[in-house]
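Undergrad: Quick one: this structure, given as structure tokens, is what I'll be asking you about.
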Amino acid sequence: MIKIKIKKVKVPQNDKNNKNKKPKNLLWQLFNVFILFVLFISLYSGISAYFGENKSKKEISVSMGEIVKKINLENSTSTGSTSSPTSSVTTLTVSGDKVSFDDSSTTTLVAIKESNESLLNVLKNYGVSTSSLNNLNIKIEDNSGFNFFSDVLPFLLPVIFLGVMIWLLLRGVRGANMQALSFGQTRAKLIDPNDDKKKVTFKDVAGAKEAKEELEEVVDFLKSPKKFLDIGAKIPKGLLLMGAPGTGKTLLARAVAGEAGVPFYHLSGSEFVEMFVGVGASRVRDLFNEAKKNSPAIIFIDEIDAVGRARGVGLGGGNDEREQTLNQILVEMDGFEPTEKLIVIAATNRPDVLDKALLRPGRFDRRVMIDLPDRESREEILNVHKKEKPLAEDVNLKIIAERTPGFSGADLANIMNEGAILAAREGRKTVAQFDLIRSIEKVMMGPERKSHILSDKKKTAYHEAGHALVGAVLTHSDPIHKISIISRGNAGGYTMRLPLDENKLLTRQRFIDDIAMTFGGYAAEVEIYGEVSTGPSGDLQQVTSMARDMVMKYGMSEVVGPMAIESDEKKVIYGNMQDSKNIVGNLLADKVDEEIKKICEEGLATAKRVVKEKRDVLEFITKELMEKENIERDEFEKILILHGIEVKK
């Protein structure tokens, strides 16, 4: 017995999508009208041919003389015949100037007589005798009657064509008018809470434990608001999700809607702003009105800094379109009733540029900071993204999590995807650990470039060996995990170092050792070749940046003292952060420059000392790199132990 299971599928009705449909192109409409006209003409020709055709006899066009000969021939035949008791009668059919003579059962002779002449006079002029005329049976057809296909249709077709064309044009204009009227309506995308394919819950979001705890209160309010309202509590009207790009702000907002089972309106801040004045404010009003009708609901505005930047500093003056849109958002968020079950969630990675009125209590009064995932959270995120990817037995996601400090959730998803692409490119059915390690390097520095000549390759080997050697000798520098002279992206080679723990508090000595380690390649080139190439240019930029932060931001200079030279009082000018006031005088600026230079020179001196003292180790590492191109952590630690250098653990 066969059982048929019928599944009901709900088709969501989205009037907004219908409103957003653009009218058809005018040229396409004219093309359709032309095709319709051709069909009308073809139909008319076919009908005319069908009804105008004489199906019983074939018409043959001849001269009037041929018909006269036929008449005389028949009369002479009938006169000479003795078997016929009566004379034969010849039948002529006249329709206007057209004269027809039935020659046989299958053919009809047709001739055209002179206009304005009667048939009898024409026949007499051709010499037809009186007796022959007496035997003629002349039938006159009236062609002045009404004929729809010949009299009406030729005039009706152009009228129909013009009517259809005008109708299509008017419909296009009406569509354009409707589009103009709907221009100020919201473009928000609605995610139905009953759509299981698009539904996201907190189980789908790995890491971000503190952020999920904050958002669970919002879910509880949307599910059961009565217990909050009965005790006089007011749930925050707006939540601002802040964090670096790729940390999962949008995913968390969708998870809130999925957990609460409420409609989720999603749009970007840039979708409010248009070139027409008032459109953004109109879309804000329409968005909030639509959400209130379907409350409880969540409005999610992604990249709110596109519309919520500080007012009064843009190109358009104080009344430009973006500021009007922001003002309308502020008004709508103030207009919530205490009992309305509507929550606005916004996301940004630039909270420093937002308008202060947007951040005050009563609007976005709760801020949720989403940090980059730690080691444990990275492993959880990798476990989420490994779904639908067949992994080999040697895959250890814990090692991958250790090798990716500072990576966001989007970066980790990209690593898993790149690993699968590498495995598929090489024709394998499973993703191995080696694929994931290569994908980390590809995401960090770009794809491999194996086009360097031998001289550059050897100089690169000395450069990277210098980095690794100085980093291994200095106490406060991070352990070396990998050394490579395979070019990736803009780098001729790279030395990967990973921290033992993810401590965010850095000491002065840690900075000094990091600067010396960064100078390791520079010092190695000076020691071996006696001159410096353009290779350490990126290292010099990193060193200068670290030294400047030590002096100007962290107060790690004894000469300048414990003060922050960089001011937090900044304003937005054309999208960039600018200092509102300069607190650095000429004397202090000179001290800052001298101190930055002193720190850099101290780090370089340390690197040169290490490279000179451990010249034999530098040569050994360089030789290994020239042979293998890559040295992993285990091999590098064996080299250090062989030369009596303590390994960091």
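The values are calculated or read from the model by the stated rules, or taken from the named source; none is laboratory data. Nothing here was measured: the structure is a model prediction, and the numbers come from that model. Reconstructed Cβ throughout: ideal geometry from the backbone, glycine too, with neighbour counts over all protein chains shown. Accessible surface areas use protein heavy atoms only, side chains included; no ligands, DNA or RNA. Shrake-Rupley method; radii C 1.70, N 1.55, O 1.52, S 1.80 Å.
Undergrad: Share of the range 355-465's accessible area from carbon and sulfur, percent, 1.4 Å? Show your work: numbers first, answer last.
TA: Details: 3040 of 5900 Å².
After summing per-atom areas, the C and S share lands at 52 percent.
Undergrad: Also: Given a Förster distance of 45 angstrom, what is the FRET efficiency for Trp167 paired with Asp192, based on the Cβ-Cβ distance and rounded to 0.05?
TA: The computed FRET efficiency comes out at 0.75.
Undergrad: Can you send over the carbon and sulfur percentage of the accessible area for the range 202-272, probe radius 1.4 Å, protein chains only?
TA: Details: 1630 of 3060 Å².
Roughly 53 percent of what the probe reaches on the range 202-272 is carbon or sulfur.
Undergrad: Between Arg615 and Asp394, what FRET efficiency comes out of the Förster formula 1/(1 + (r/R0)^6) with R0 = 41 Å and r the beta carbon distance, rounded to 0.05? Please list the in-between numbers first.
TA: Values: r = 38 Å, r/R0 = 0.93.
E between Asp394 and Arg615, to the nearest 0.05, is 0.60.
Undergrad: Starting from the Cα of Asn490, step 7 Å along the direction of its Cβ; do the same at Asn121; then give the gap between the two resulting points in nm.
TA: Taking the two extended label points, one gets 10.5 nm.
Undergrad: Of Lys212/Lys249; Lys203/Lys386; Lys482/Lys612; Lys614/Lys638, which pairs sit farther than 19 Å apart, going by alpha carbon to alpha carbon?
TA: Working: Lys212/Lys249 11 Å; Lys203/Lys386 15 Å; Lys482/Lys612 22 Å; Lys614/Lys638 16 Å.
In this structure, Lys482/Lys612 lie more than 19 Å apart at Cα.
Undergrad: Which loop-located trypsin sites (Lys or Arg not before Pro) does the range 508-562 contain, where loop means any DSSP state but H, G, I, E or B and the Cβ has at most 15 other Cβ atoms within 10 Å?
TA: Working: sites: Arg508, Arg510, Arg548, Lys553; in loops: Lys553.
Here the sparse-neighbourhood loop sites are Lys553.
Undergrad: Taking a ≥ b ≥ c as the square roots of the Cα gyration tensor eigenvalues, with a/c under 1.5 meaning rounded and otherwise prolate when a/b beats b/c, else oblate, which class fits the range 361-420?
TA: Prolate, because a/c is 1.5 or more and a/b exceeds b/c.
Undergrad: When the Karplus curve 6.51 cos²θ - 1.76 cosθ + 1.60 is applied with θ = phi - 60°, which whole-Hz ³J(HN,Hα) does each residue of the range 544-552 get, with x for Gly and Pro?
TA: 4, 5, 5, 5, 5, 5, 4, 7, 8
Undergrad: May I pose another question? Given the peptides 403-416, 424-437, arrange them by the average over their residues of other C-beta atoms within 10 Å, most packed first.
TA: Values: 403-416: 20.8, 424-437: 15.1.
Those peptides, ordered most packed to least, come out 403-416, 424-437.
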